[in-house]
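Here's the structure we're looking at; comments come further down.
All of the numbers you see were taken from the coordinates with simple rules; none came from a lab. Computed from a predicted structure; not experimentally measured. Virtual Cβ from ideal backbone geometry, glycine too; neighbours counted across all protein chains shown.
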Amino acid sequence: MLGSLSFILFFTEDLNDWRLNLRPLRICFPAGIVLLAFSVLNIIAESRAGLSFGRNGYVPEPRQVLFLILSAGFLFLLIHTLFFALPAKEAYVAQDSGRKTCTTGAYALCRHPGVLWLGAFMLCLYLADSFSLPGTVLFSAWNVLLVLFEDRCVFPARLSDYGSYRRRTPFLIPTRASMNDFLFRRK
């Protein structure tokens, strides 16, 4: 429930950025981040309920350790993509039209790489027996709906060069050309 509420807050923030421009609603994005993190941690805790780690308790299998390491890598990619690959002030504080689109790094792979990283993070947690399949599917579906809204409504209205970025860069699934841009293009 809290995870779904976090995405409703993300939608509200985007709607505010797109049309409303109400200062009090700018809290929706950080509040959504906190709720999503709390929700994910809660689901992980519930999946581990009753298990004790240690000398005579539960010892994770090697595949679980592998998927937990992979999930940490995808979480790192998600955090880096959303908070460090973009100039934070321009992306999350400035509410004016005419901002420029980031077209380098992960944003050269596809227009919404955070969807890939969040989905992979949750899938790896699920494969490590640390997250629920319904949570993985629900949060990924919410995220796709959110970026559809951003891609069709919010970003074309707020990012001055989004049309050319949209023509050049795939929506979600990287292509050979976008992978080359990611690896070899530097601005």
(request) Subtract the Cα-Cα distance of MET179 and ARG48 from 0.36 nm times their separation in residues, and report this length gain in nm to one decimal. (result) 43.4 nm
(message) So if a site counts as exposed when it's one of the chymotrypsin sites (Phe, Trp or Tyr not before Pro), its DSSP state isn't H, G, I, E or B, and it has at most 14 other Cβ atoms within 10 Å, what's the longest stretch of the chain without one?
(response) 85-170
(request) Search the structure for amide H atoms under 5 Å from the amide H of ARG99, placed 1.01 Å from N in the peptide plane, and list their residues when 5 or more places away or on another chain. (result) SER160
(request) At 0.36 nm per residue, minus the direct Cα-Cα distance, what do ILE33 and ILE8 gain on full extension? Give it in nm, one decimal, please. (result) 7.9 nm
(request) Could you work out the Rg to Rh ratio of segment 2-184, with Rh taken as the Kirkwood radius (inverse of the mean 1/r over all Cα pairs)? (result) 1.02
(request) Arrange THR175, THR103 by Cβ neighbour counts within 10 Å, fewest through most, would you? (result) THR175, THR103
(message) Connecting C-alpha atoms closer than 10 Å in a GNM of the chain, tell me which of GLU61, GLU150, GLU46 has the biggest fluctuation.
(response) GLU61
